[in-house]
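For reference, the structure is listed below as structure tokens.
The values are calculated or read from the model by the stated rules, or taken from the named source; none is laboratory data. Predicted, not measured: the structure shown is a model, and the values here were computed from it. Reconstructed Cβ throughout: ideal geometry from the backbone, glycine too, with neighbour counts over all protein chains shown. Note: accessible area is taken over every heavy atom of the protein model, side chains too, but ligands, DNA and RNA are not part of it. Shrake-Rupley method; radii C 1.70, N 1.55, O 1.52, S 1.80 Å.
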Amino acid sequence: MSKRGQEVRVVPDDDALAHAAAELFTTCFRNAVASHNRFTVAVSGGSTPRRLYALLGLPPYCEGLDWNALHLFWVDERCVPPGHTESNYTLVRDTLLSRVPVPERNVHRIRGEEGPERAASLYEKELKTFFAASEVPVFDLILLGVGEDGHIASIFPGSPATRETTQLVMPVYRDPPELNRVTMTLRVLNNAGQIAFLVAGDRKQNVLHDILSGKHTRTSPAGLVQAMHGKLSWLLDERAAKKLRL
Ligand code: 6PG
């Protein structure tokens, strides 16, 4: 189904959601490698994509893909060291990277353990170096989740990151400071070739209804996501989509 220029797809449950996302991921992967010999993807943390990352490391999804061509980035990270239970890098390392042969140099993690400012500045430099050919990185795929408050990556309602138009990456200060984070900005997210939201569960019904009906687009970071040049897809399970009129 297409809504306001966005593709919205509803599947029965969170398992079907993970399979639909794995299809989308592997299709983007193959298309990108066929077109420009590499696949650049930025992934989210949170609980929703965990099953997707695990599936991607298993047949049939892991088969026939050129894992050397994958360059993996993160849309956000908590300021914790790798190995920490809250680390988005660790989530993907344990579920996917432990199973597929991605070269270490292709894994572009955010160095959360360096603290918010330094980690953001290092990642900004890394993005500028890697995507030197374009002013703003053009990822082949960006995977996003949505919080119940409408946050995406670590862009929270009302935070400076919602208004940022220059930086590619920003520090995010939370209380207590152990919860500080680093996030890509909308400048990068909106520039991707394909943006895909993965949303599941009853708790997301209200926020999804508000975003997809165009309400609160100015206060909800998810409502600020627009595919400037690419495609925007919403993959939802039936519970999350319950209040939508599609
Ligand atoms: C993170 C995220 C965050 C997440 C949403 C949704 O690191 O936590 O990148 O933006 O995608 O909070 O999380 P759930 O999938 O757990 O609902």
For this session: Would you check if there is a residue in the range 106-126 being surrounded by fewer than 19 Cβ atoms within 10 Å (Cβ to Cβ) and β-branched (Val, Ile, Thr)?
Result: yes
Seminar exercise, completed: Matching residues in the range 87-129 (more than 16 Å from the ligand (Cβ to nearest atom) and over 16 Å from the mean Cα position of the chain (by Cα)) number 21
Exercise. Identify, please: which residue in the range 154-172 is in a loop (DSSP other than H, G, I, E, B) and open to solvent by less than 10 Å² (accessible area, probe 1.4 Å) and is, among those, nearest to the ligand (Cβ to nearest atom)?
Worked result: Ser154
Problem set entry | Number of the exception - Asp202 against (1) more than 12 Å from the chain's Cα centre (by Cα); (2) buried (at least 19 other Cβ atoms within 10 Å of the Cβ); (3) of a type outside the set (Phe, Trp, Tyr) | (2)
Exercise. Do any residues in the range 152-176 that are basic (Lys, Arg) have Cβ atoms under 7 Å from those of residues that are buried (at least 16 other Cβ atoms within 10 Å of the Cβ), where the two are at least six apart or on different chains, and which pairs are they?
Worked result: Arg174/Asn180; Arg174/Arg181
Exercise. If a residue has to be of a type in the set (A, V, I, L, M), within 16 Å of the ligand (Cβ to nearest atom) and open to solvent by 30 Å² or more (accessible area, probe 1.4 Å) to count, how many in the range 130-153 make the cut?
Worked result: 0
For this session: Could you please let me know if Thr95 is out of contact with any Ser or Thr (no Cβ under 6 Å at 6 or more places or on another chain) and part of a helix (DSSP H, G or I)?
Result: yes
Exercise. If Ser98 satisfies every condition in (1) in contact (Cβ under 8 Å) with a residue 40 or more places away in the chain; (2) open to solvent by less than 30 Å² (accessible area, probe 1.4 Å); (3) farther than 27 Å from Ser121 by Cα but one, which is the exception?
Worked result: (2)
Exercise. What are the residue pairs meeting all of these: first residue in the range 51-63, first residue at pLDDT 95 or above, second residue acidic (Asp, Glu) and open to solvent by less than 80 Å² (accessible area, probe 1.4 Å), Cβ atoms under 9 Å, and 6 or more apart or on different chains?
Worked result: Arg51/Asp15
